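To keep things clear, I will list the structure first and then write my remarks on it.
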Amino acid sequence: MPFPVEQKWIVETEQKLGIKFPAGFKDSMMQLNGGEVRTSIDLFSLHPFMDKTDRKRIQRTCNSICRETATARKWDYFPKELVVIGSNGGGDLLVLKPKETAPSVLEDVIYWWDHETSFVEPIADDFSDLKKT
């Protein structure tokens, strides 16, 4: 169940990963930390920002962006520069890529990572282009 998240938890995630998330993504996640989005590919569950406010929020956010990104980066075939923001439950992931000109800043574009081919394809120009369900 998605719920609002304070900016300090987003900043903590950015510091752990050494990146900056796109403003539109952060704004949306601050209102509803998690949830689902429909894409042209599939329905994806969004990974939340870890929220350590209380025990209940810790339990609800344990599948955090940090944790899921760290897990995916252990796979030999997963591009290590990508940040995982969602999954479809079948192995495919929603990811963000760093800007070529500023590797510590993530692009606005949302990408689909295909677990069968390791292909990375843009599916939305901005997070706001995805339909939240």
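The values are calculated or read from the model by the stated rules, or taken from the named source; none is laboratory data. All of these numbers come straight from a predicted model, not from anything done at the bench. As a convention, Cβ positions derive from the backbone with ideal geometry for all residues, glycine included, and neighbour counts pool all protein chains shown.
If I filter region 85-99 for residues that are surrounded by fewer than 18 Cβ atoms within 10 Å (Cβ to Cβ), under 16 Å from ILE10 (Cβ atoms) and at pLDDT 95 or above, do I get at least one hit?
no
State whether the residues of region 27-36 include one that is among the small types (Gly, Ala, Ser), within 20 Å of ILE123 (Cα to Cα) and in contact (Cβ under 8 Å) with a residue 60 or more places away in the chain.
Checked region 27-36: at least one residue is among the small types (Gly, Ala, Ser), within 20 Å of ILE123 (Cα to Cα) and in contact (Cβ under 8 Å) with a residue 60 or more places away in the chain.
To keep it simple, each residue is scored yes or no on (1) more than 19 Å from PHE25 (Cβ to Cβ); (2) touching a residue at least 12 places away in the same chain (Cβ under 8 Å); (3) touching a Pro at 6+ places or on another chain (Cβ under 9 Å).
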{"position": "GLU68", "(1), (2), (3)": "no, yes, no"}
{"position": "LYS80", "(1), (2), (3)": "yes, no, no"}
{"position": "VAL84", "(1), (2), (3)": "no, yes, no"}
{"position": "GLY90", "(1), (2), (3)": "yes, yes, no"}
{"position": "LYS99", "(1), (2), (3)": "no, no, no"}
{"position": "PRO103", "(1), (2), (3)": "no, yes, no"}
{"position": "GLU107", "(1), (2), (3)": "no, yes, yes"}
{"position": "HIS115", "(1), (2), (3)": "yes, yes, no"}
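Do you know which residues across region 1-39 are assigned to a helix (DSSP H, G or I), surrounded by 16 or more Cβ atoms within 10 Å (Cβ to Cβ) and either of a type in the set (Ser, Thr, Tyr) or out of contact with any helix residue (DSSP H, G or I) (no Cβ under 8 Å at 6 or more places or on another chain) (or both)?
TRP9, GLU12, THR13, GLU14, SER28, listed by residue number.
Restricting to region 59-82, name every residue that is part of a helix (DSSP H, G or I), among the hydroxyl-bearing types (Ser, Thr, Tyr) and either on the phi > 0 side of the Ramachandran plot or surrounded by fewer than 20 Cβ atoms within 10 Å (Cβ to Cβ) (or both).
If we filter region 59-82 for residues that are part of a helix (DSSP H, G or I), which is where we start, we get 59-60, 65-73.
If we keep only those that are among the hydroxyl-bearing types (Ser, Thr, Tyr) too, we end up with 69, 71.
The answer is THR71, and nothing else.
Suppose we keep only residues that are part of a loop (DSSP other than H, G, I, E, B) and not aliphatic (A, V, I, L, M) within region 40-49. Which one would you say is surrounded by the fewest Cβ atoms within 10 Å (Cβ to Cβ)?
SER40
Just to verify a result, which residue in region 100-133, among those that are of a type in the set (Val, Ile, Thr) and over 19 Å from SER45 (Cα atoms), is surrounded by the most Cβ atoms within 10 Å (Cβ to Cβ)?
Applying the filter and picking the extreme gives VAL105.
Please go through region 5-20 and give me each residue that is of a type outside the set (Lys, Arg), more than 18 Å from ASN63 (Cα to Cα) and within 13 Å of the chain's Cα centre (by Cα), ordered by number.
ILE19
Which residue out of LYS52, LYS56 is in a helix (DSSP H, G or I), surrounded by fewer than 18 Cβ atoms within 10 Å (Cβ to Cβ), over 14 Å from the mean Cα position of the chain (by Cα) and of a type in the set (Lys, Arg)?
LYS56 is the lone residue from the list that is in a helix (DSSP H, G or I), surrounded by fewer than 18 Cβ atoms within 10 Å (Cβ to Cβ), over 14 Å from the mean Cα position of the chain (by Cα) and of a type in the set (Lys, Arg).
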